[in-house]
Amino acid sequence: MVKMQPRRKTPKLRPSTRLHGPELRGLADFVPQIVWMCTPNGDNIYFNRRWVDYTGMTLEESYGEGWNRPFHEDDREAAGKAWSRAVETGEQYQVESRIRAADGTYRWFLMRGEPIKGADGAITKWFGTCTDIQDMKQAEQLLLRSEKLASVGRMAASVAHEINNPLEAITNLLYLAKQSEDMESVRSYIGNAEAELGRVAHITRQSLGFYREQNAPTLVSVQRLLESAIEILNAKIIAKEATVEMRWHMDAHVSVVAGELRQVFANLIANSLHAIDVRGRVELRTSVSFNHANGIRYARVTIADNGRGIEREVRHKLFEPFFTTKGAVGTGLGLWVSKQILDKHQGTIQVRSRAEGPATGTVFRITLPLPALREESL
Ligand code: ADP
């Protein structure tokens, strides 16, 4: 006879194990993030214990609009604007900002807020979190610095290469001048050597300018920066026998850290030169566009090539750090750094590419906001 085992009942969630106010509060205090709640019109009504422990502020000080006091003064306005926009539109709130700790030091946080809606679709509350992203920010900074070092190395190699040719010419011309007894020829050799020396001096000035630039943004010509990026890549252009076409529809002046934007252009042009076959084509275009929605004018730069293109499957990874298809010669940081630099300047970067079919190629398009209209910005 088979003995029936008494059937075990699935334990039901008894009312006493449902989460009540104090337990919910305990749970919210336990999570490693700062948790907050706001009314539909944006006033704070709740913070978990992490906020109090981290900022050293009392809850009374933090409620209402008090929460924005520990925000770093350089980030406060942007965070406040993003919050007002979210409250107005009912869209998700997301912003990065430094927040002051009780000991006066600052750490980077990612703030996120979601509107909670009732049955009628109206917002009843905002739930949000602040996540400590300080370590991630530091790692990003380190990466940026290491890419800058790598680009200095690459640039040093290009400069050495560029200088080597005129130096060889000068050595030969001086040798010929020493051998020659005809004063006319000697003069001509020395004249040519002088011209070559001029080239060396020009290259040196260029590269010194590249590294001695201050970090403050200045008003610079987009066209001039593109031209100087090309000058730096001259050796590569010659090696590929590439045609570099430039179409300046309009020269715009943007307010940027010149060395950084030149680095962006040099990265993109170097990628194009790498992607094309021998005697391939790279096209650089500039224009100015006007966004009627926000009333801002933008400088547009297009860097297009007829190279091998980028496979569809990897396009979404392009701007991730370390993504490279170049094996040991690539760092996979060029596009990532370029994106960081453009973000910093409120710019954008987009890519279109075709890797199959008879006409392959890649087009990168950059936009940068122009300062308010004035005479010299055109
Ligand atoms: P790296 O050049 O060191 O690989 P990047 O971030 O500059 O790093 O580029 C990442 C990858 O994007 C490259 O390895 C390449 O596969 C692809 N890529 C970028 N630009 C182009 C281009 N113009 N044509 C084809 N592939 C490109």
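The values are calculated or read from the model by the stated rules, or taken from the named source; none is laboratory data. Predicted, not measured: the structure shown is a model, and the values here were computed from it. Because the Cβ atoms are built from the backbone with ideal geometry, glycine has one as well, and the counts that use them run over all protein chains shown.
Summary table below
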quantity	calculated
In region 49-85, the residues that are of a type in the set (S, T, N, Q), farther than 16 Å from Gly128 by Cα and surrounded by fewer than 16 Cβ atoms within 10 Å (Cβ to Cβ)	Thr58
Residues satisfying the stated conditions in region 322-347, i.e. closer than 30 Å to His253 by Cα, in a loop (DSSP other than H, G, I, E, B) and either near the ligand (Cβ under 8 Å from one of its atoms) or out of contact with any helix residue (DSSP H, G or I) (no Cβ under 9 Å at 6 or more places or on another chain) (or both)	Gly332, Leu333, Gln346
Residues (under 21 Å from Arg352 (Cα atoms) and acidic (Asp, Glu)) located in region 257-287	Asp277, Glu283
Condition check for Ser228: at pLDDT 90 or above and either among the polar types (S, T, N, Q) or over 25 Å from the mean Cα position of the chain (by Cα) (or both)	no
Test: Arg352 is charged (D, E, K, R), touching a Lys or Arg at 6+ places or on another chain (Cβ under 7 Å) and more than 10 Å from the ligand (Cβ to nearest atom)	no
Filtered residue count, region 95-120, keeping only those that are over 19 Å from Arg50 (Cβ atoms) and not charged (D, E, K, R)	4
Inter-residue pairs, beta-carbon under 7 Å, first at positive phi and in region 302-313, second near the ligand (Cβ under 6 Å from one of its atoms), 6+ apart	Gly309/Thr362
Residues (part of a helix (DSSP H, G or I), of a type outside the set (Val, Ile, Thr) and under 13 Å from Phe127 (Cα atoms)) located in region 80-112	Trp83, Ala86
Candidate set: region 263-302, residues that are within 9 Å of the ligand (Cβ to nearest atom) and either in contact with a Lys or Arg (Cβ under 8 Å, 6 or more places away or on another chain) or of a type in the set (Lys, Arg) (or both); chosen: the one nearest to Ser151 (Cα to Cα)	Ala270
Single unsatisfied condition, Gln138 versus (1) outside any strand (DSSP E or B); (2) over 23 Å from the mean Cα position of the chain (by Cα); (3) polar (S, T, N, Q)	(2)
Some residue of region 194-204 being surrounded by 16 or more Cβ atoms within 10 Å (Cβ to Cβ), out of contact with any Asp or Glu (no Cβ under 9 Å at 6 or more places or on another chain), among the β-branched types (Val, Ile, Thr) and at pLDDT 75 or above	no
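One line per residue, one yes/no per condition, for (1) surrounded by 18 or more Cβ atoms within 10 Å (Cβ to Cβ); (2) basic (Lys, Arg); (3) modelled with pLDDT of 85 or more; (4) under 25 Å from Ala150 (Cβ atoms):
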residue: Phe323; (1), (2), (3), (4): no, no, yes, yes
residue: Gly330; (1), (2), (3), (4): no, no, no, yes
residue: Ser338; (1), (2), (3), (4): yes, no, yes, yes
residue: Thr348; (1), (2), (3), (4): no, no, yes, yes
residue: Arg354; (1), (2), (3), (4): no, yes, yes, no
residue: Pro358; (1), (2), (3), (4): no, no, yes, no
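Residue-wise test of (1) in contact (Cβ under 8 Å) with a residue 40 or more places away in the chain; (2) under 20 Å from Leu335 (Cβ atoms).
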position	(1), (2)
Leu219	yes, no
Leu225	yes, yes
Asn234	yes, no
Thr243	no, no
Met246	no, no
Val256	yes, yes
Glu260	yes, yes
Ala270	yes, yes
Asp277	no, no
